[in-house]
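S.K.: This is the structure I have questions about; it appears just below.
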Amino acid sequence: MIYADNAATTPLSKAAFDAMTPYLCDCFYNPSSLYTAGQKAKEALEDARRRIAGLIGASAKEIYFTSGGSESDNQAILTAARLGKRAGKTHIVTSSIEHHAVLHPIEELRKEGFRVSYLPAAPDGIVRVSDLQAALCEDTCLVSVMTANNEIGTIQPIRELAEICRERKIPFHTDAVQAVGHLPIDVTQAKIDLLSASAHKFHGPKGVGFLFAGKGLSPSPLIRGGAQERSRRAGTENVAGIVGMAAALEESVSRMEETAQKLSRLRDRLIASLASEIPHAALNGDAVKRLPSNVSFCFEGIEGEALLLLLDDRGICASSGSACTSGSLDPSHVLLAIGRPHDVAHGSLRITLGEDADEETVDRIARDVKEVVEHLRGFSPVWRSLCAGKSQFIL
Ligand SMILES: *Cc1c(COP(=O)(O)O)cnc(C)c1O
C-alpha cells in the first residue's frame, strides 16, 4: 500500500511512541497531584512545553496545550474577538482558503455581529499582501491567515502579513497546522501573535496540539473547569500525548531540511509526470511556493471521488480536496477560491507524500493516476461532450 495522504494525518513516529509509553503506564499520575509521583508527570509536561516553545522561537509560558488544530484555531479566534469587542473593535480579516476550523468560528462571530473581510487567493493559491493593506480598518481586531494550505499546499507570505499587523497593533493569527514540523517557523522573528499546531500532522499522536499566544494575549478559555494550563484550558492534561508531541516535533525539526529537499524533488518529479502525461490536467497552486509533500491536480471530465476509489483499489491512499469535505457534494471552497469552475474542481486529487517515499513510489502513483484518469474518461459523458466540441475545455 502507498499512503499518500499525509496532509490528513501522519503515522506516529517511533520516537514519539517510545516517549509516550512511560506516561501511559508507569507514570500515569495526574500532574495536578501534589505527591512526588504526580510532580514527575508535571515535570514531563513542563519539559515538553519548554522544548516545544524552543522549537518555534517562543517562551514556555506562551504555549497552551489543546486537543489539536481545530481547538487551537477556535481558541485563537475567540481570544482575539473577545479582546476586540472589549475595545469596540468588531472587524475580522481572514482568507477565503482557510481550513473550516478557522472559517466556521469566524462565521459564528459574523452572525453575532462581527464584520468579516475575506482576502481572495490569486489563481496561484497565494494571498496578496496589498489586499490585506486594503482590508484593514480602524476596528480590525484580528487577522487570521494560514501558513500553508492543507489542500493545495501553497505557502502564504506570513512574515509580510504579520509585519503589517504588528505595525498597526492588530493581533495576527496563523493556522500553522500544515507547516509546523515541515517548514521553519520562528514566531518571534515572524511577529506572529497567535499560532495553531496539531501533533498528528508531524508524526505525533492524534487529539493533541498547542496554541502559541504571545505577550498580552491571554487565551480565553473554551473549556472551563479546573485551573490547568494557567486556567486557560481546563481538564486533566494529556501528558503522554503532550510528551509524544514534543518528541515528534523535535525529530521533525531536526530532519526538516533533509526531508524538505528529498520530498520537493519527488514532488516535482510527480508534478512533471502528471502534467506531461495527462492531457487537460493542471496543478493547483504555485509550483514553487508549496509544501514539499503536496501535489494537487485537477483533471477535466472526471469525478475526484471515483478517482479516489479506483486508486484505493490499486492500494493508493490519496484525497480529493480536504478530508473534511469528502462525502459532501460541494466542491472544495479552496479550489473555487483559486478560480477553478465547479466542474473542474470536482475532478481534483491531492497527493501528500510521506518521508518514506522514493522515486519508485512517485512513478507508481503517476502511472496509476494516468491509467485511472484514462479509464474514467472512457465512460464520462462530460469528457465525451468536451471531446465532441459540445462544451469547451477549460484546462
Ligand atoms: C488538520 C488541520 C486542522 C485540524 O487539526 P486537528 O488536529 O485535526 O483538529 C486545522 N487546520 C489545518 C490547516 C489542518 O490541516
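The values are calculated or read from the model by the stated rules, or taken from the named source; none is laboratory data. As the structure is a prediction and not an experimental result, all values here were calculated from the model. Cβ coordinates were reconstructed from backbone atoms using ideal geometry, including for glycine residues, and neighbour counts include every protein chain displayed. Protein only, heavy atoms only, side chains kept; ligands, DNA and RNA dropped before computing areas. Shrake-Rupley method; radii C 1.70, N 1.55, O 1.52, S 1.80 Å.
S.K.: Among 53, 58, which is of a type in the set (Gly, Ala, Ser) and part of a helix (DSSP H, G or I)?
M.R.: 53
S.K.: Only one residue in 90, 79, 94 is over 16 Å from the mean Cα position of the chain (by Cα) and open to solvent by less than 10 Å² (accessible area, probe 1.4 Å). Which one?
M.R.: Values: 90 fails: open to solvent by less than 10 Å² (accessible area, probe 1.4 Å); 94 fails: over 16 Å from the mean Cα position of the chain (by Cα).
After ruling out the rest, the residue left standing is 79.
S.K.: Okay, moving on. Considering only residues that are open to solvent by less than 10 Å² (accessible area, probe 1.4 Å) and part of a loop (DSSP other than H, G, I, E, B), look in region 193-213 and name the one that is nearest to the ligand (Cβ to nearest atom).
M.R.: 208
S.K.: If you scan region 98-115, which residues turn out to be open to solvent by less than 30 Å² (accessible area, probe 1.4 Å) and either within 14 Å of the ligand (Cβ to nearest atom) or assigned to a strand (DSSP E or B) (or both)?
M.R.: 98, 101, 102, 103, 105, 106 - these are the residues of region 98-115 that are open to solvent by less than 30 Å² (accessible area, probe 1.4 Å) and either within 14 Å of the ligand (Cβ to nearest atom) or assigned to a strand (DSSP E or B) (or both).
S.K.: If a residue has to be open to solvent by less than 50 Å² (accessible area, probe 1.4 Å) and touching a Ser or Thr at 6+ places or on another chain (Cβ under 9 Å) to count, how many in region 31-54 make the cut?
M.R.: The total comes to 4.
S.K.: Return the residues of region 237-273 that are hydroxyl-bearing (Ser, Thr, Tyr) and within 21 Å of the chain's Cα centre (by Cα); say none if nothing qualifies.
M.R.: Correct list: 252, 254, 259, 264.
S.K.: Output yes when any residue across region 129-140 is over 23 Å from residue 8 (Cβ atoms), more than 12 Å from the ligand (Cβ to nearest atom), among the polar types (S, T, N, Q) and surrounded by 16 or more Cβ atoms within 10 Å (Cβ to Cβ), and no when none is.
M.R.: Scanning region 129-140 turns up at least one residue that is over 23 Å from residue 8 (Cβ atoms), more than 12 Å from the ligand (Cβ to nearest atom), among the polar types (S, T, N, Q) and surrounded by 16 or more Cβ atoms within 10 Å (Cβ to Cβ).
S.K.: Test residue 189 against the stated conditions and say whether it is in contact with an Asp or Glu (Cβ under 9 Å, 6 or more places away or on another chain) and either touching a residue at least 40 places away in the same chain (Cβ under 8 Å) or open to solvent by 30 Å² or more (accessible area, probe 1.4 Å) (or both).
M.R.: Taking the combined requirement at face value, the residue does not satisfy it.
S.K.: Residue pairs, Cβ under 6 Å, 6 or more apart or interchain, first in region 67-88 and hydroxyl-bearing (Ser, Thr, Tyr), second within 12 Å of the ligand (Cβ to nearest atom). List them.
M.R.: From residues that are hydroxyl-bearing (Ser, Thr, Tyr), the pairs are 67/207; 70/101; 72/66; 72/196; 72/209; 72/211.
S.K.: Could you figure out which of (1) surrounded by fewer than 22 Cβ atoms within 10 Å (Cβ to Cβ); (2) of a type outside the set (Gly, Ala, Ser); (3) more than 27 Å from residue 82 (Cβ to Cβ) isn't true of residue 151?
M.R.: Unmet for residue 151, out of (1) surrounded by fewer than 22 Cβ atoms within 10 Å (Cβ to Cβ); (2) of a type outside the set (Gly, Ala, Ser); (3) more than 27 Å from residue 82 (Cβ to Cβ): (1).
S.K.: Check residue 146 against each of (1) away from the ligand (no atom under 14 Å from the Cβ); (2) in a loop (DSSP other than H, G, I, E, B) and name the one condition it does not meet.
M.R.: Here residue 146 meets the rest and fails (1).
S.K.: Here's something else I'd like to know. Hey, any hits in region 341-352 for a residue that's over 30 Å from residue 252 (Cβ atoms), in the same structural domain as residue 297 (by TED's automatic domain parsing), of a type in the set (D, E, K, R) and at pLDDT below 95?
M.R.: Within region 341-352, one or more residues are over 30 Å from residue 252 (Cβ atoms), in the same structural domain as residue 297 (by TED's automatic domain parsing), of a type in the set (D, E, K, R) and at pLDDT below 95.
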